[in-house]
Amino acid sequence: GAFLDRLLRGGGSLADLSADDLKHYLAFANAAGSLATTKTGAIPAMPTRDEIHDCLKDRQTLII
């Protein structure tokens, strides 16, 4: 879901993504997935975009 969010907000298609774009989209999705495991419940566990961006700032190793 987080990957699709980034793809749709980017305004392009999957075929138009550069390798760098793909790397960042996947890091965003990975951060979202990792944050979702820290809470209980389906909807309450979904992180906000701000939480995801904060996670990525704190953990630059998520971006190769």
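The values are calculated or read from the model by the stated rules, or taken from the named source; none is laboratory data. As the structure is a prediction and not an experimental result, all values here were calculated from the model. All Cβ positions, even for glycine, are placed from backbone atoms using ideal geometry, and neighbour counts span all protein chains on display. Side chains included, ligands, DNA and RNA excluded: accessible areas come from the protein's heavy atoms. Shrake-Rupley method; radii C 1.70, N 1.55, O 1.52, S 1.80 Å.
Looking for whichever is more than 13 Å from the chain's Cα centre (by Cα) and not polar (S, T, N, Q) here; the options are Leu56, Leu14, Leu8, Leu35. Which one fits?
Working: Leu56 fails: more than 13 Å from the chain's Cα centre (by Cα); Leu8 fails: more than 13 Å from the chain's Cα centre (by Cα); Leu35 fails: more than 13 Å from the chain's Cα centre (by Cα).
After applying the criteria, what remains is Leu14.
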Only residues that are in a helix (DSSP H, G or I), among the small types (Gly, Ala, Ser) and surrounded by fewer than 17 Cβ atoms within 10 Å (Cβ to Cβ): list them for segment 10-30, please. Gly10, Ala15, Ala19
Find all pairs meeting these conditions: Cβ atoms under 8 angstrom apart; at least six residues apart or on different chains; first residue within segment 34-61 and under 15 Å from Ala2 (Cβ atoms); second residue open to solvent by less than 100 Å² (accessible area, probe 1.4 Å) and among the basic types (Lys, Arg). Ala45/Lys39
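Does Gly41 satisfy the condition of being out of contact with any helix residue (DSSP H, G or I) (no Cβ under 6 Å at 6 or more places or on another chain) and surrounded by 11 or more Cβ atoms within 10 Å (Cβ to Cβ)? Steps first, please.
Details: out of contact with any helix residue (DSSP H, G or I) (no Cβ under 6 Å at 6 or more places or on another chain): yes; surrounded by 11 or more Cβ atoms within 10 Å (Cβ to Cβ): no.
So Gly41 does not fit the description; no.
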